[in-house]
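Read the figures in this text as sums done on the coordinates, not as results from a lab. All values reported here derive from a predicted model rather than from experimental measurement. Cβ placement follows ideal geometry from the backbone for every residue including glycine, while neighbour counts extend to all protein chains displayed.
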Amino acid sequence: MPRYDFRCRSCGATFELRRTMARANDPAVCPDGHPDTVKLLSTVAVTGAASGGAATAPAPSGGGGCCGGGCCG
Ligand SMILES: [Zn+2]
């Protein structure tokens with residue numbers, strides 16, 4: 001069951017609810033009882049979601065480098 005993050009606009013608290021996708025847009029009530037909440041875009045387990053980590057930049061290897069073509073030596 002996917003998780004949905006909500007944020008209370010009354011007290012600023014964020015909370016999670018687990019509900020079916022059919023009820024994803026149902027209004028959520030803050031744990032403190034405030035009905036004025038908004039649904040946040042959370043990272044549900046979908047394909048293509050990258051979570052943190054250092055991006056590995058492709059290192060140039062040969063092919064036009066300064067020391068590869070004999071221009072500096
Ligand atoms: Zn609240």
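So here's what we get for this one:
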item	result
Count of region 3-24 residues which are assigned to a loop (DSSP other than H, G, I, E, B) and either surrounded by 11 or more Cβ atoms within 10 Å (Cβ to Cβ) or more than 8 Å from the ligand (Cβ to nearest atom) (or both)	7
Tally of residues being more than 10 Å from Phe6 (Cα to Cα), in contact (Cβ under 8 Å) with a residue 12 or more places away in the chain and within 13 Å of the ligand (Cβ to nearest atom) across region 25-34	3
